[in-house]
Amino acid sequence: MARLEIVVGGETDPSGRRGRGHRERALRGELVRVGPGRFVLGDEWRRATPGERHIARVKAVHDRLAPRLIVSHASAAALHGLPWPGEFSDLVEVIDPLRSTGQTLRSVYKRPGAGRQFRLAEMTATGRRLTDLATTAVDLAIAYPLRTSVPALDAVLARGTDRERLIAALVAARPVRHRARAERAVAIADGRSGSPGESVARVALDEVGAPQPELQHRFDDDAGLIGFVDFWFPEQGVVLEYDGRVKYTDPALRRPGQTAADVVVAEKRREDRIRRCPGVNGFGRIGHAETKDTELLREVLRSLGVPTTRPRFTTVR
């Protein structure tokens, strides 16, 4: 992960210019303001990932935060390198152990933390406290929809945190609101998920009341290992794959000399081999469009013979 260098301006500018030149450069796009009197180079900002950009915002306000404040929620997710959908907020999220209600400031959103107990970690560079991996993921499950929190929970489980630790963190958080949503997110989280896109697809399957699929089910034939599939519905004998565009468009995911067309051909041959395996009655593919449109997803599942029902949870998304 790249580190964006913070350029100091405003009242803290040691040159005495009070940041006028920095503000002019920001207007020209040469600098980007990330906090009061804090900037980063525009070209570096545009090359950075959303997580790197948000970490710069955290660093920009670090010395303005009271020592009691704990970096949390989305900001802690960025520092832990957890998956996040798109850009982060401009506001740095912190927990204030003295507050029982939230408060929005210029560059910071304080979440209430009165009476809470949680495990903490430290930012390596600054020593600033932040919520640990499990607490961060559970806080996301309480504060954000499943489509945001489940990919993060999957990643935390994949890193070796066990589900019991997540459950303990949820109990310790004592959420007043959205407890059912958070419990559902922890329940369906699975460290075997192959990507954030697959995690969101699994949430979508849960939303339409599909049977719980097996993840990364292995298929073999006489020639040996065929591969592992994203979703396997054993009772229906149906394979469902999540196809993100990156699989076909990112050269970094291809073998040396392999073209996008080669990837498509190889994927088709793999599918044909799986279709010939005993017990496989159907093979389908979904993508971003189907995960966004539950009725479209229902149609795909219906065509494959996978049943759907109205989900038990209808108001906790």
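For this structure, a couple of remarks:
- Subset of the stretch 262-299 that is in contact with a strand residue (DSSP E or B) (Cβ under 6 Å, 6 or more places away or on another chain), in contact (Cβ under 8 Å) with a residue 40 or more places away in the chain and in a helix (DSSP H, G or I) - its residue that is surrounded by the fewest Cβ atoms within 10 Å (Cβ to Cβ): ARG270
- Matching residues, the stretch 136-174, being crowded, with 19+ Cβ neighbours inside 10 Å, more than 15 Å from the chain's Cα centre (by Cα) and over 24 Å from GLN216 (Cα atoms): ALA169, LEU170, ALA173
- Residue within the stretch 53-62 that is open to solvent by 20 Å² or more (accessible area, probe 1.4 Å) and outside any helix (DSSP H, G or I) present: no
- Filter result (in a loop (DSSP other than H, G, I, E, B) and modelled with pLDDT of 70 or more) within the stretch 1-32: ARG3, LEU4, GLU5, ILE6, GLY9, ARG28, GLY29, GLU30
- Considering ALA66, ALA78, the condition of being surrounded by 15 or more Cβ atoms within 10 Å (Cβ to Cβ) and modelled with pLDDT of 90 or more is satisfied by ALA78 alone.
- All helices (runs of 4 or more DSSP H) inside the stretch 98-209 with 2 or more residues being more than 30 Å from GLY227 (Cα to Cα) and at pLDDT 95 or above: 133-143, 163-173, 179-188
- Any chance GLY191 is farther than 26 Å from ALA66 by Cβ and in contact with a Gly (Cβ under 7 Å, 6 or more places away or on another chain): no
- Whichever residue in the stretch 210-222 is open to solvent by 30 Å² or more (accessible area, probe 1.4 Å) and not in a strand (DSSP E or B) and, among such residues, is nearest to PRO278 (Cα to Cα): ASP222
- Which numbered condition SER107 misses (of (1) buried (at least 20 other Cβ atoms within 10 Å of the Cβ); (2) within 16 Å of LEU65 (Cβ to Cβ)): (1)
- The number of residues in the stretch 125-135 being touching a strand residue (DSSP E or B) at 6+ places or on another chain (Cβ under 7 Å) and either among the aliphatic types (A, V, I, L, M) or open to solvent by 10 Å² or more (accessible area, probe 1.4 Å) (or both) comes to 4.
The values are calculated or read from the model by the stated rules, or taken from the named source; none is laboratory data. Since we're looking at a predicted model, the values are computed, not measured. Heads up, the Cβs are rebuilt from the backbone with ideal geometry, glycines too, and the neighbour counts pull from every protein chain shown. Protein only, heavy atoms only, side chains kept; ligands, DNA and RNA dropped before computing areas. Shrake-Rupley method; radii C 1.70, N 1.55, O 1.52, S 1.80 Å.
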